[in-house]
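Any read-out appearing in this document is the output of simple, stated calculations on the displayed coordinates, not a laboratory observation. Since this is a predicted model, take the numbers as computed values, not measurements. Here the Cβ positions follow ideal geometry from the backbone for every residue, glycine too, while neighbour counts run over all protein chains shown.
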Number of protein chains: 2
Amino acid sequence: MRNLIIASTSTIYNQGYLEYLLPTLQNHFKAGSTLVFIPYARPSGISHDEYTAKVREAFQSIDVQVKGLHEFNDPKQAIQEAAGIFTGGGNTFLLVKQLYAHDLVQTITEVVNNGTPYLGCSAGSNICGLTMETTNDMPITYPPSFKTFGFVPFNINPHYLDPIEGSTHMGETRETRINEFHTINSQPVVGLREGSWLKVSSDRIILEGALHARIFEQGKAAYEVAPNTDLSDLK
Amino acid sequence: MRNLIIASTSTIYNQGYLEYLLPTLQNHFKAGSTLVFIPYARPSGISHDEYTAKVREAFQSIDVQVKGLHEFNDPKQAIQEAAGIFTGGGNTFLLVKQLYAHDLVQTITEVVNNGTPYLGCSAGSNICGLTMETTNDMPITYPPSFKTFGFVPFNINPHYLDPIEGSTHMGETRETRINEFHTINSQPVVGLREGSWLKVSSDRIILEGALHARIFEQGKAAYEVAPNTDLSDLK
């Protein structure tokens with residue numbers, strides 16, 4: 001019985017870290033349990049220790065302990081024994097490179113498919129898709145592959161951003177970028193706006209949060225789906 | 001004697017394709033000559049033929065002929081014999097993958113270092129840096145390496161974008177992304193605003209166009225440089 005929360009962002013404008021998600025996380029992770037936090041994405045280059053401390057503080061209020069994966073001597077064993085896993089945001093290229101370097105991709109796939117509760121935010125959500133090829137991040141380092149966990153049978157675009165009205169900037173809009181992705185890739189892409197998340201329970205995938213999401217399928221016009229839409233058949 | 005124009009963008013808001021650059025290109029490429037155009041980056045997924053036709057039309061007014069690299073039976077020979085080379089914008093990942101697939105990286109490096117006039121716009125400028133690791137593009141495909149031509153001893157960030165005042169979006173600003181790059185890479189990054197270009201003549205690198213550029217060096221605060229600044233010593 002799989003159990004994942006795949007969130008667009010950790011933080012909503014004008015709120016604290018993970019604040020908007022805490023009521024949901026209280027049901028997702030068991031009170032009194034210890035979460036294994038994967039800090040590899042290092043947003044703004046902060047250290048694994050600093051990042052873990054920030055996460056630890058946020059989870060205190062719902063009585064969940066946090067231990068950084070970098071604190072374990074055997075990361076693979078830590079994942080296998082984890083009561084829950086949280087992969088934080090930052091740079092997806094760095095995150096994926098580290099996951100491969102520590103040979104963790106298969107292990108995480110297995111335990112999450114076997115029921116270990118998983119939370120991903122931003123980069124940690126990107127890797128829940130089939131590939132990381134719809135990340136917004138800068139390719140600051142070269143991972144050995146763009147293939148990721150495939151917990152959902154499509155790709156994720158977190159921090160989905162609508163075109164800015166009246167912009168004179170000539171760089172591509174997000175929608176243009178995803179359309180370019182579809183000129184050479186066939187899997188759908190779910191554009192998750194900040195404040196949305198996907199709740200995966202076994203094989204059911206539901207859009208949660210207050211916002212619509214934007215769905216991109218190859219060869220179709222993009223379309224909006226409302227909160228509580230069941231996306232289990234999207235593939 | 002190297003001779004390159006490394007432009008942030010092909011197109012300025014409210015202008016035609018390459019329009020702002022045409023007076024400069026008239027001196028850069030010889031009237032009556034034939035330019036080899038590299039269409040691999042395929043912006044918005046347009047075909048190589050469509051993309052080449054667009055470029056051909058733009059160069060007509062300055063009496064330069066254009067032939068797409070995909071029209072030659074032997075692309076390597078085409079590059080070796082080219083009177084000039086233009087690599088257009090689009091997706092940098094796709095462009096770099098195709099350059100490696102056609103085994104063209106070394107050949108282009110050699111002819112440009114030996115004096116074949118080169119023009120790059122956007123993705124075609126990214127590849128003039130040491131690596132493509134400061135591109136803004138979505139990683140829609142997996143190239144065999146992020147290493148690029150290194151015609152300048154730093155990286156390029158084209159379409160450089162200042163933070164949008166009052167934005168409530170929680171995704172990283174461009175500056176944050178480049179700072180993340182510098183947590184694991186040491187080469188400087190030149191943020192070229194739309195309308196700026198670098199003019200490389202032999203070993204001299206000059207910022208041209210009407211706008212300031214933003215320079216990022218590892219361990220230093222970012223700083224602005226004015227048009228006509230000599231960047232030859234930046235490395």
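Summed over segment B:123-144, residues that are touching a helix residue (DSSP H, G or I) at 6+ places or on another chain (Cβ under 8 Å) and of a type in the set (Ser, Thr, Tyr) total 4. Residue count for segment B:181-207, restricted to those that are of a type in the set (D, E, K, R) and either closer than 19 Å to residue B:148 by Cα or without any contact (Cβ under 8 Å) to a residue 40 or more places away in the chain (or both): 3. If you go through segment B:119-149 and keep only what is within 13 Å of residue B:190 (Cβ to Cβ) and assigned to a helix (DSSP H, G or I), you end up with B:125, B:126. Inside segment A:167-176, residues that are facing chain B (nearest Cβ under 7 Å) and assigned to a loop (DSSP other than H, G, I, E, B) make up a count of 4.
The number of residues in segment A:63-98 that are in contact (Cβ under 8 Å) with a residue 60 or more places away in the chain and assigned to a helix (DSSP H, G or I) comes to 0. Here residue A:145 meets each of (1) within 24 Å of residue A:45 (Cα to Cα); (2) within 12 Å of another protein chain (Cβ to nearest Cβ); (3) touching a strand residue (DSSP E or B) at 6+ places or on another chain (Cβ under 6 Å) with one exception, condition (3).
Criterion applied to B:148, B:116 was being within 26 Å of residue B:17 (Cα to Cα), of a type in the set (Val, Ile, Thr) and crowded, with 24+ Cβ neighbours inside 10 Å, and the one residue passing it is B:148. Of all residues in segment A:33-45, those being buried (at least 16 other Cβ atoms within 10 Å of the Cβ) and either among the charged types (D, E, K, R) or out of contact with any helix residue (DSSP H, G or I) (no Cβ under 7 Å at 6 or more places or on another chain) (or both) number 3. Set side by side, the residues A:126, A:136 differ, and just one is within 13 Å of another protein chain (Cβ to nearest Cβ), free of Cβ contacts under 8 Å to residues at least 40 places away in the same chain and over 29 Å from residue B:17 (Cβ atoms), which is A:126. Looking at residue A:142, is it over 10 Å from the mean Cα position of the chain (by Cα) and either crowded, with 24+ Cβ neighbours inside 10 Å or of a type in the set (Ser, Thr, Tyr) (or both)? Yes; evaluated as a whole, the condition is true for this residue. Going through (1) within 14 Å of another protein chain (Cβ to nearest Cβ); (2) in a loop (DSSP other than H, G, I, E, B); (3) within 30 Å of residue B:110 (Cβ to Cβ); (4) hydrophobic (A, V, I, L, M, F, W, C) one by one, residue B:234 falls short only on (1).
Can you spot a residue in segment B:188-197 that is buried (at least 24 other Cβ atoms within 10 Å of the Cβ), more than 9 Å from chain A (Cβ to nearest Cβ) and either part of a loop (DSSP other than H, G, I, E, B) or touching a His at 6+ places or on another chain (Cβ under 7 Å) (or both)? Yes: segment B:188-197 contains one or more residues that are buried (at least 24 other Cβ atoms within 10 Å of the Cβ), more than 9 Å from chain A (Cβ to nearest Cβ) and either part of a loop (DSSP other than H, G, I, E, B) or touching a His at 6+ places or on another chain (Cβ under 7 Å) (or both).
What are the residues in segment B:13-25 that are assigned to a loop (DSSP other than H, G, I, E, B) and either more than 12 Å from chain A (Cβ to nearest Cβ) or crowded, with 18+ Cβ neighbours inside 10 Å (or both), if any?
The answer is B:16, B:18.
Can you pull out every residue in segment B:110-128 that is hydrophobic (A, V, I, L, M, F, W, C) and under 8 Å from the mean Cα position of the chain (by Cα)? Result: B:119, B:121, B:123, B:127, B:128. Among the residues of segment B:211-224, is any surrounded by fewer than 12 Cβ atoms within 10 Å (Cβ to Cβ), of a type in the set (Lys, Arg) and touching a residue at least 12 places away in the same chain (Cβ under 8 Å)? Among the residues of segment B:211-224, not one is surrounded by fewer than 12 Cβ atoms within 10 Å (Cβ to Cβ), of a type in the set (Lys, Arg) and touching a residue at least 12 places away in the same chain (Cβ under 8 Å), which makes the answer no. Look at residue B:8 and say whether it is within 14 Å of another protein chain (Cβ to nearest Cβ) and touching a Lys or Arg at 6+ places or on another chain (Cβ under 7 Å). For residue B:8, the condition - within 14 Å of another protein chain (Cβ to nearest Cβ) and touching a Lys or Arg at 6+ places or on another chain (Cβ under 7 Å) - is met.
Are any residues in segment B:85-107 more than 14 Å from chain A (Cβ to nearest Cβ) and within 22 Å of residue B:46 (Cβ to Cβ), and if so, which ones?
Once the filter is applied, which keeps residues that are more than 14 Å from chain A (Cβ to nearest Cβ) and within 22 Å of residue B:46 (Cβ to Cβ), segment B:85-107 yields B:85, B:86, B:87, B:99, B:102, B:104.
Just one of the listed residues (B:53, B:58) is touching a Gly at 6+ places or on another chain (Cβ under 8 Å), surrounded by 14 or more Cβ atoms within 10 Å (Cβ to Cβ) and part of a helix (DSSP H, G or I), and it is B:58.
Residue-level check: of (1) of a type outside the set (Ser, Thr, Tyr); (2) surrounded by fewer than 23 Cβ atoms within 10 Å (Cβ to Cβ); (3) in contact (Cβ under 8 Å) with a residue 12 or more places away in the chain, residue B:158 misses just (2). Only a single criterion out of (1) surrounded by 15 or more Cβ atoms within 10 Å (Cβ to Cβ); (2) touching a helix residue (DSSP H, G or I) at 6+ places or on another chain (Cβ under 8 Å) is not satisfied by residue B:9, namely (2).
Among the candidates B:157, B:185, B:179, the residue that is within 25 Å of residue B:22 (Cβ to Cβ), within 14 Å of another protein chain (Cβ to nearest Cβ) and either touching a helix residue (DSSP H, G or I) at 6+ places or on another chain (Cβ under 9 Å) or not small (Gly, Ala, Ser) (or both) is uniquely B:157.
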